[in-house]
Every structure is written in structure tokens, then in C-alpha cells.
Amino acid sequence: MKHIHGKDLEAHMTKQAHRLAVLVSGSGTLLEHMISEGLPIDHVIADKPCRGLRLAKKARVKRIEFFREDYGWDQARQWSDQPNFNREGFSEGLASSLNERGITVAAMAGFMTILSPGFFSVFEGVLLNIHPALLPAFKGEKAVQDALDAGVKITGTTIHIATLELDAGPIIEQEAVRVMDDDTVDSLHERIKQVERPLYARVLRELLGGTRILPPH
Ligand code: GRF
């Protein structure tokens, strides 16, 4: 992490006026915290109908319903088994949609669609993700379950730059969370989210304010 001060900060802030989109699929509690903290979110994008969209509507944040069903996603199938999903079409369409609205940085907050090269060719190095484990440990969809299964005593959360390779991009921030003996996936995930909410909001605020620079990718 690189902090900028004084004159450098002023110069940097005039150069970098970011416009933020938050991408959601689920319960949206990270988004809810960002909204309650007054983070200037330009757009909320959802890949399916979800609570995050309703939260955005209530807070009068602009929304894009960019639903993956429109690109062949089958709700009845597993997340990892979607033979008819046009991932490239979805990714290119999403990138164009964000581009048209002048979005310069996007933050996935529980966004569950893996994006393909068509997205990254437009938004390379400016897509952030938050993952409920201390990467590079426990990549993938079942990070909390995998940490419990492995019997680790410490897990946590990672904010990183999303790249084509899943959960492998440069790390921006991490914070540790203790695993309790009686933890379930739900109890542990909720304790991780309690750490994630203020951490993600702070990182994004610093980024928008120009006091944090994204790592090279
Ligand atoms: C968070 O734990 C985040 O790390 C993961 O998805 C969860 C989102 O939670 N990628 P919510 O939908 O904001 O409650």
C-alpha cells in the first residue's frame, strides 16, 4: 500500500477522479455498509435479482440489472456447471455498460459471475474483489467451508485486484479473523463479514479520495 501526502496528494487527487460501481449478486450486506457510510457509489450492478438491488433502490443509487439469465445462465444448474452461459458476451456487455456510464473502478461485493477476457481488456487492473479468506489460501467458492475443513485457527479476508485467474490478483489489503472451536460456516462467515464491511468501505474511500493507489497488476 502506498500513501500519498501533501503536494503529491493534491496533484494526485486532481488527476484521479474515480467513478465507482459496486457489483452484487447476494445479500448485499457489504454494499449496505458502504451505503450507510455515505460512500459515493455511482452505480450498483446486479447479475440477478437480489437484496443488493433493493438496497440500492431504497438508497436512490443508480442501478443496472445486468442479469446473466439473459445470457443463457440456468438457475437450476450449479454455479460451476453452466454450459449454455455466454460468459464472453456477458463480460463484454457488462464492460460496455459500465464504460458508457463513465465508471472507472468497479468493486465486486459478493458478485458471483466469473468474468472473461472481454471484461478485463476494458477494465484491466481496476476491478476489485473481496474474498473471505487469507489468499492465496482457500481460493474459490467455498473458502469459508474449506478453512473450517482444514482446521486452521486463523482465516480472514482479502481485498485484491481481480484478474482472469480466479482469486489470484495482487493483494490490496488483508485482515485476520480467529476461527472458534464451535464455528459453523455461517458463524465464521458472519464474523469475517464484520471485518470485511468496514475494511472494504475504507479501502474504497481511500481510493476514491486519491490517498490510495492500486497495486500494479
Ligand atoms: C463476502 O463475504 C465477500 O467476501 C464474498 O461475498 C460475501 C458478500 O457478502 N465475496 P454480502 O452479500 O455483502 O452479505
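Starting from the 7 Å offset along Cα-to-Cβ, what nm value, one decimal, do you get for the label separation of VAL195 and ARG19?
For the pair VAL195/ARG19, the computed spacing is 3.5 nm.
Can you show me the helix-derived [θ] at 222 nm for the chain, built from DSSP H runs with n ≥ 4 at -39,500 (n - 2.57) apiece and divided by the number of residues, rounded to the nearest 500.
-10500 deg cm²/dmol
In the chain, with Lys and Arg counted as +1 and Asp and Glu as -1 at Cβ, which of these residues, ALA56, SER96, ASN84, has the Cα nearest the positive end of the dipole, that is, farthest along it?
The residue sitting most towards the positive pole is ALA56.
Measure up LYS58/LYS139; LYS62/LYS139; LYS139/LYS193 against 27 Å on the Cα-Cα distance and list the ones that go over.
On the way: LYS58/LYS139 33 Å; LYS62/LYS139 31 Å; LYS139/LYS193 17 Å.
Too far apart for the 27 Å limit: LYS58/LYS139; LYS62/LYS139.
How much length is gained if the chain between GLU100 and ASP181 is pulled fully straight, taking 0.36 nm per residue apart and subtracting their Cα-Cα distance, in nm to one decimal?
Gain on stretching GLU100 to ASP181: 24.3 nm.
Determine, from the Cβ-Cβ distance of ASN86 and HIS217 and an R0 of 25 Å, the FRET efficiency 1/(1 + (r/R0)^6), rounded to the nearest 0.05.
Efficiency computed from Cβ-Cβ geometry: 0.45.
Taking amide H positions as placed in the peptide plane 1.01 Å from N, state which residues far from ARG63 in sequence (5 or more) or on other chains have amide H under 5 Å from it.
Answer set, sorted by chain and number: VAL44.
Given R₀ = 25 Å, what would the calculated FRET efficiency be for GLN174 paired with ASP149, taking r from the Cβ atoms and rounding to 0.05? List each step's numbers first, then the result.
Values: r = 21 Å, r/R0 = 0.83.
Efficiency, rounded to the nearest 0.05: 0.75.
Starting from the Cα-Cα distance between GLN75 and VAL122, subtract it from 0.36 nm times their residue separation and give me the gain in nm to one decimal.
Extra length available between GLN75 and VAL122 comes to 14.1 nm.
Calculate the radius of gyration of the Cα atoms of the range 61-217 to one decimal place, then report Dmax, the largest Cα-Cα distance, as a whole number, both in Å.
16.4, 49
Go through MET108, LEU148, LEU128 and say which Cα lies farthest out towards the positive end of the charge dipole of the range 106-172; charges sit on Cβ, +1 for Lys and Arg, -1 for Asp and Glu.
LEU148
FYI, it's all coordinate maths here, none of it is from the lab. Because the structure is a prediction, the values reported are computed rather than measured. Here Cβ is always computed from backbone atoms with ideal geometry, including for glycine, and neighbour counts include all displayed protein chains.
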